[in-house]
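Colleague: Attaching a single structure in structure tokens format; questions to follow.
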Amino acid sequence: MRAILEGRGKQGAFTPSPGLKEFLLELKAMGVKIGLVTSGLYEKAWPEILSAFQTLKMGDPKEFYDAIITAGFALRKGEVGTLGELAPKPHPWLYAETCRVGLGIPFEERESVVGIEDSAAGVYSIRLAGFPTIGFAGGNIEDSGARELCDFYCRDFLSVLDIIK
């Protein structure tokens, strides 16, 4: 992980999901605020995020995302952080913090927010925070029985875009 941060890590160490780059760029073109939420500790999560962005040739994730929430660091404008190490998924703080603090969207406007998750704990977290949920294939949502808690369930990013548009 340290080697990745120092620019010496294995290229392509973390492979992004197919269609992720196009999906994120389309959201940006639509003017959508984008927050990235992980309950992973900063020390592990940040190198993975950085490696994925290097693989996608998308530059600095801090400049791309409007908010990035990881466990272990306090959230500050333009930085990566969260209260998440105190209350990881499925606690709603991760998503509530992303929306209110990171993106500046008040709770009263929660219907203008959607959470996209591939894990059951993430689905629970989004739902408990009061936001509509799009489940994404590839994680444990179906095996855990959490699919019925999703407003929508998609197998690819193109399907997610169809819902958001």
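The values are calculated or read from the model by the stated rules, or taken from the named source; none is laboratory data. Remember, predicted model here, so these are calculated numbers, not experimental data. All Cβ positions, glycine included, derive from the backbone under ideal geometry; neighbour counts span all protein chains shown.
Colleague: Return yes when residue 22 is at pLDDT 85 or above, of a type outside the set (A, V, I, L, M, F, W, C) and either part of a loop (DSSP other than H, G, I, E, B) or at negative phi (or both) and no when it is not.
Modeller: Answer is yes for this residue.
Colleague: Report whether or not residue 147 is in contact with a Phe, Trp or Tyr (Cβ under 6 Å, 6 or more places away or on another chain), over 25 Å from residue 31 (Cβ atoms) and at pLDDT 95 or above.
Modeller: Criteria met by residue 147.
Colleague: Going by what's in this entry, would residue 15 be described as in a loop (DSSP other than H, G, I, E, B), modelled with pLDDT under 90 and within 19 Å of residue 125 (Cβ to Cβ)?
Modeller: no
Colleague: Kindly establish whether residue 77 is of a type outside the set (A, V, I, L, M, F, W, C), modelled with pLDDT of 90 or more and either surrounded by 13 or more Cβ atoms within 10 Å (Cβ to Cβ) or more than 16 Å from the chain's Cα centre (by Cα) (or both).
Modeller: no
Colleague: Quick one: count up the residues across the stretch 127-141 that are at pLDDT below 95 and touching a Phe, Trp or Tyr at 6+ places or on another chain (Cβ under 6 Å).
Modeller: Result for the stretch 127-141: 1.
For every residue, the table says whether it meets (1) part of a loop (DSSP other than H, G, I, E, B); (2) of a type in the set (Asp, Glu); (3) surrounded by 19 or more Cβ atoms within 10 Å (Cβ to Cβ); (4) modelled with pLDDT of 95 or more.
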residue: 90; (1), (2), (3), (4): yes, no, yes, no
residue: 95; (1), (2), (3), (4): no, no, yes, no
residue: 98; (1), (2), (3), (4): no, no, yes, no
residue: 110; (1), (2), (3), (4): no, no, no, no
residue: 143; (1), (2), (3), (4): no, yes, no, yes
residue: 160; (1), (2), (3), (4): no, no, yes, yes
